[in-house]
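The values are calculated or read from the model by the stated rules, or taken from the named source; none is laboratory data. Fair warning: this is a prediction, and the values are worked out from it, not measured in the lab. Here the Cβ is made from the backbone with ideal geometry for all residues, glycine too, and neighbour counts use every protein chain on show.
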Amino acid sequence: MRWEQRLDELRQYKALHGTCAVPYRWAKNTQYVFVTTSFTLVTHMPHGRLANWVFRQREHRKAGKLFEERIVQLDDIGFLWGVDISVSKDHRWEMKYSELKDYKALYLTPIYSYIH
């Protein structure tokens, strides 16, 4: 996947989650396509791909291997260069809640209905 495509994927992630800090354990790690004012699930991606790309951007910058133009593009979307790899409990809760809402939208039922 090209760098620009990953950047677009990160923009879409931020639009959904309000941050560029993609946790490696983000269960969905899915690719989204922007359609008018909503996101449509397209396909599942292998676990960790976007999170790995985000990590590599930080590493490339530290090593002086990231082009200035790319640094500016990442800065423009609010990329967090010195992010702590641990994610706050509140942020994790919000992510899990968002996943539950997405699941319900896809399957028209919350997960817990199968348990009870």
The residue that is modelled with the lowest pLDDT, considering only those in the stretch 53-84 that are basic (Lys, Arg) and loosely packed, with under 13 Cβ neighbours inside 10 Å, is Lys62
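Quickly run through the stretch 88-99 and pick out the residues that are surrounded by 13 or more Cβ atoms within 10 Å (Cβ to Cβ) and either of a type in the set (Asp, Glu) or free of Cβ contacts under 8 Å to residues at least 24 places away in the same chain (or both).
Scanning the stretch 88-99 gives Glu94, Glu99.
Any idea which of Thr30, Thr43 is crowded, with 16+ Cβ neighbours inside 10 Å and modelled with pLDDT under 75?
Details: Thr43 fails: crowded, with 16+ Cβ neighbours inside 10 Å.
None of the others qualify; the one that does is Thr30.
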Leu50 vs (1) closer than 14 Å to Asp102 by Cβ; (2) modelled with pLDDT of 85 or more; (3) touching an Asp or Glu at 6+ places or on another chain (Cβ under 7 Å): all pass except (1)
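How many residues does the stretch 91-116 hold that are farther than 17 Å from Tyr13 by Cα, assigned to a helix (DSSP H, G or I) and modelled with pLDDT of 70 or more? Explain how you work it out, then say what you get.
Initial filter on the stretch 91-116 (farther than 17 Å from Tyr13 by Cα): 104-116.
Subsequent filtering for residues that are assigned to a helix (DSSP H, G or I) retains 104-107, 111-114.
Right, trim to modelled with pLDDT of 70 or more and you get 104-107.
Total meeting the criteria: 4.
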